[in-house]
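Undergrad: Here it is, the structure, as structure tokens.
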Amino acid sequence: MNGPNNRREDPGQSRGQLYALMVLVGLVVLVVVGVNAGVRLGNRFAGTPVELSGNPMQVVLEVFTGAVAWPAAGTAVVVVLGVLVLAVVVLLALAFRRIARHRSRVDDKARYMGRGRDISSLTAKASRATSQRLGAGEWLGVALGRSVSGGQALYASAEDQIAMIAGPRMGKSTSFVIGAIVEAPGAVITTSNKRDVVDATRDVRKERGPVWVFDPQGVAEEPATWWWDPLSYVTDEMKADRLAGHFAEGSREEGAGKGDAHFDGSGRTLLGALFLAAAMTQTPITQVYTWLTNPRDERQVQTLREHGFPRTADALYGIVNTPDRERGSIFSTARRMAKCLTNRSIDPWITANGSGDPRPQLDPAKLLDDGGTLYSLSMEGEGSAGPLVTALTVAVVEAAEEKARRSPGGRLPTPLLGILDEAANVCRWKQLPSLYSHFGSKGIVLATVLQSWAQGVDVWGDRGMEKLWSAANVRLYLGNNTEVKFLSDLSTLIGNYDRLSSSASTTRGQRTRSDSLSRERVLDVDDLSALPRGRAVLLSAGNRPTLVRTVPWLVGPHAEAIRASIKAHDPQAGQTVARAERDLAETTDELGPVPGVQAA
């Protein structure tokens, strides 16, 4: 429990003087205990009865004045006692050294941050109660780490949305993503531009349900043993436009700016109309790019009219009959948006291999029912499969929303967990900030993971990134960031503490003491920029910011299963496990094992 004010520090008393006083008191106690033990036990061993005072200090005085004789056996008693005391001191010194070795340079600031009741809604007890109230069983939620001050295990509950900013090599996969995936009670979707999470968790998740790895660019060298039709998502003009939006946003190069509003908007309209025409005629999506190479082709206008989309047909007709120069620019823009469809390696993942293709076709709704796991992988950059990764992610989430609407209480009976790792690179979902807070009430738990604030701004703009960050109930910062404005804002949110300083002076023989109160930042910008690996700042709704120790998967209940999965699938399994063990050494105390991610 917190004291009345854990944000005040009084360094007025000299710590050096305090330590000297403690040492002096300790020596006096040892002398008193040693002399009394030597006299009393020495005489007992010698069989010489001696009348001694019941006052230990009186005995010491009598020994030193010669009033009481020092027995010969007393020296042996004092030597044995001294050895025991020395052994205890050495053991304590080693223990404190081990503790100090695993304390980071910011851990002392934890006492000024949230602890105890300040973060009670994040504890295992509170998270379990939330899951039970929502019908999500005994799932504790997503493990966030352990509070540095108090050691409490902290969780994001079954109705929380998560946003994380973690610079490169700060252990987000080892200490967050992997553990969250293997602990999820139901279906999981996750995105990435690397294979590490897939290798570590796929065999563990296979025990829960079917595993699907979408890898059109060979990130994990996964064969196309199944396929998904992006146009199966398109049932009307609105979904066609959303799909076109994913292609438009996913094809934009990082830092490219807003582009030309007219041609980008018209190109998206054109692409959406052709997607709708292809969906209505069950034409492979790859054929859309071929249509884009013929700007004068009006056949799809008629297709849209025949299937009951006259206004979309009119929009397509207007583009096709635009003056040549403008029309060429619009079609060129649409081709740039759909460039990934020219990549032949993507074809087997999004088109059937003939009418008798024996491979299973992914159905997002069935994925949810089966408690399956979908890994969507893509490289970043122009022409990547990012638009398809975004489209597939959105298709699953929207299928989850539809299922939630049909479920009691308007929530999924078992939560869907979505880890949108490298979201700014491979899953550029433009509408995500506006929808974020809405998902929590549906039983859809999303965690958006970014390397920097600027990455989010590049996808969603300043207002969009602020909206996403604010809409998240749980916000984590893991370090390795040099964005001064973001770090300054974070420092302000963490807050200040009052530092009470005292000084003494002597004037004309009179000693006076004066006190001054100053306010200082708990963690300043430089502290946050250089936040040690294994530490994270946690901000959550209704709680004071707190400092947490991240917990690698190696100390979780699935450690052996994860090791086995890595060994079975990771070509560099030895290096991967060794790196995880280094993370463990940097983020755990050696005084005892850290409980597993689901330990209460």
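Undergrad: Is it the case that GLU590 is at pLDDT 90 or above and over 20 Å from LYS194 (Cβ atoms)?
TA: no
Undergrad: I'd like the full set of residues that are in contact with a helix residue (DSSP H, G or I) (Cβ under 8 Å, 6 or more places away or on another chain) and in a loop (DSSP other than H, G, I, E, B), limited to segment 44-66.
TA: Once the filter is applied, which keeps residues that are in contact with a helix residue (DSSP H, G or I) (Cβ under 8 Å, 6 or more places away or on another chain) and in a loop (DSSP other than H, G, I, E, B), segment 44-66 yields PRO49, VAL50, LEU52, SER53.
Undergrad: So which strands (runs of 3 or more DSSP E) are wholly in segment 161-241 and hold at least 3 residues that are outside the structural domain of TYR375 (by TED's automatic domain parsing) and crowded, with 24+ Cβ neighbours inside 10 Å?
TA: Output list reads 162-166, 188-192.
Undergrad: Regarding ARG325, is this residue touching a residue at least 24 places away in the same chain (Cβ under 8 Å) and exposed (fewer than 14 other Cβ atoms within 10 Å of the Cβ)?
TA: So ARG325 does not fit the description; no.
Undergrad: Check off (1) closer than 30 Å to ALA541 by Cβ; (2) in contact (Cβ under 8 Å) with a residue 12 or more places away in the chain; (3) among the basic types (Lys, Arg) for ARG133 and give me the number that stays unchecked.
TA: (2)
Undergrad: Which one of LYS125, LYS109, LYS172 is in contact (Cβ under 8 Å) with a residue 40 or more places away in the chain, out of contact with any strand residue (DSSP E or B) (no Cβ under 8 Å at 6 or more places or on another chain) and basic (Lys, Arg)?
TA: Residue meeting the stated conditions: LYS125.
Undergrad: Just checking, does segment 392-409 include any residue being within 30 Å of LEU528 (Cα to Cα) and either surrounded by 21 or more Cβ atoms within 10 Å (Cβ to Cβ) or in contact with a Leu (Cβ under 8 Å, 6 or more places away or on another chain) (or both)?
TA: No.
Undergrad: Looking at this structure, is ARG311 touching a helix residue (DSSP H, G or I) at 6+ places or on another chain (Cβ under 9 Å) and surrounded by fewer than 13 Cβ atoms within 10 Å (Cβ to Cβ)?
TA: Numbers: touching a helix residue (DSSP H, G or I) at 6+ places or on another chain (Cβ under 9 Å): yes; surrounded by fewer than 13 Cβ atoms within 10 Å (Cβ to Cβ): yes.
Spelling it out, ARG311 is indeed touching a helix residue (DSSP H, G or I) at 6+ places or on another chain (Cβ under 9 Å) and surrounded by fewer than 13 Cβ atoms within 10 Å (Cβ to Cβ).
Undergrad: Here is a check on your reading of the model: is ALA472 modelled with pLDDT of 95 or more and crowded, with 17+ Cβ neighbours inside 10 Å?
TA: yes
Undergrad: So, one more: State all residues of segment 333-368 that are within 22 Å of THR283 (Cβ to Cβ), in a helix (DSSP H, G or I) and small (Gly, Ala, Ser); if no residue qualifies, say none.
TA: ALA334, SER345 - these are the residues of segment 333-368 that are within 22 Å of THR283 (Cβ to Cβ), in a helix (DSSP H, G or I) and small (Gly, Ala, Ser).
Undergrad: What are the residues in segment 290-308 that are hydroxyl-bearing (Ser, Thr, Tyr) and surrounded by 18 or more Cβ atoms within 10 Å (Cβ to Cβ), if any? Give the steps one after another, and end with the answer.
TA: Our first condition is that a residue be hydroxyl-bearing (Ser, Thr, Tyr); within segment 290-308, this holds for 290, 293, 303.
Listed by number, the list holds a single entry, THR303.
Undergrad: Just one of the numbered conditions (1) of a type outside the set (S, T, N, Q); (2) more than 16 Å from PRO532 (Cα to Cα); (3) modelled with pLDDT of 95 or more is not true of GLU159; which one?
TA: So the condition that GLU159 fails would be (3).
Undergrad: Moving on to the next point. Taking the criterion of being under 23 Å from the mean Cα position of the chain (by Cα), aliphatic (A, V, I, L, M) and either modelled with pLDDT under 85 or closer than 26 Å to GLN161 by Cα (or both), would at least one residue in segment 564-582 satisfy it?
TA: Checking segment 564-582: at least one residue is under 23 Å from the mean Cα position of the chain (by Cα), aliphatic (A, V, I, L, M) and either modelled with pLDDT under 85 or closer than 26 Å to GLN161 by Cα (or both).
Undergrad: Counting only residues that are of a type in the set (Gly, Ala, Ser) and closer than 18 Å to VAL32 by Cα, which one in segment 73-93 is nearest to the chain's Cα centre (by Cα)?
TA: Selected residue: GLY82.
Undergrad: Here is a list: ARG111, ARG117. Which entry is of a type in the set (D, E, K, R), modelled with pLDDT under 90 and either over 18 Å from LEU416 (Cβ atoms) or buried (at least 23 other Cβ atoms within 10 Å of the Cβ) (or both)?
TA: Result: ARG117 is the single residue among ARG111, ARG117 that is of a type in the set (D, E, K, R), modelled with pLDDT under 90 and either over 18 Å from LEU416 (Cβ atoms) or buried (at least 23 other Cβ atoms within 10 Å of the Cβ) (or both).
Undergrad: Can you name the residue in segment 521-546 that is part of a loop (DSSP other than H, G, I, E, B) and aliphatic (A, V, I, L, M) and is also surrounded by the most Cβ atoms within 10 Å (Cβ to Cβ) among such residues?
TA: LEU531
Undergrad: Does TYR155 meet the test of being crowded, with 19+ Cβ neighbours inside 10 Å, outside the structural domain of THR390 (by TED's automatic domain parsing), more than 19 Å from the chain's Cα centre (by Cα) and of a type in the set (Phe, Trp, Tyr)? Please lay out each step first, then the result.
TA: Numbers: crowded, with 19+ Cβ neighbours inside 10 Å: yes; outside the structural domain of THR390 (by TED's automatic domain parsing): yes; more than 19 Å from the chain's Cα centre (by Cα): no; of a type in the set (Phe, Trp, Tyr): yes.
So TYR155 fails the test.
Undergrad: Mind checking which residues of segment 377-387 are surrounded by fewer than 24 Cβ atoms within 10 Å (Cβ to Cβ) and either small (Gly, Ala, Ser) or in a helix (DSSP H, G or I) (or both)?
TA: GLY381, GLY383, SER384
The values are calculated or read from the model by the stated rules, or taken from the named source; none is laboratory data. Not measured: the values here are computed from a predicted model. FYI the Cβ positions are ideal-geometry reconstructions off the backbone, even for glycines, and counts take in every protein chain you see.
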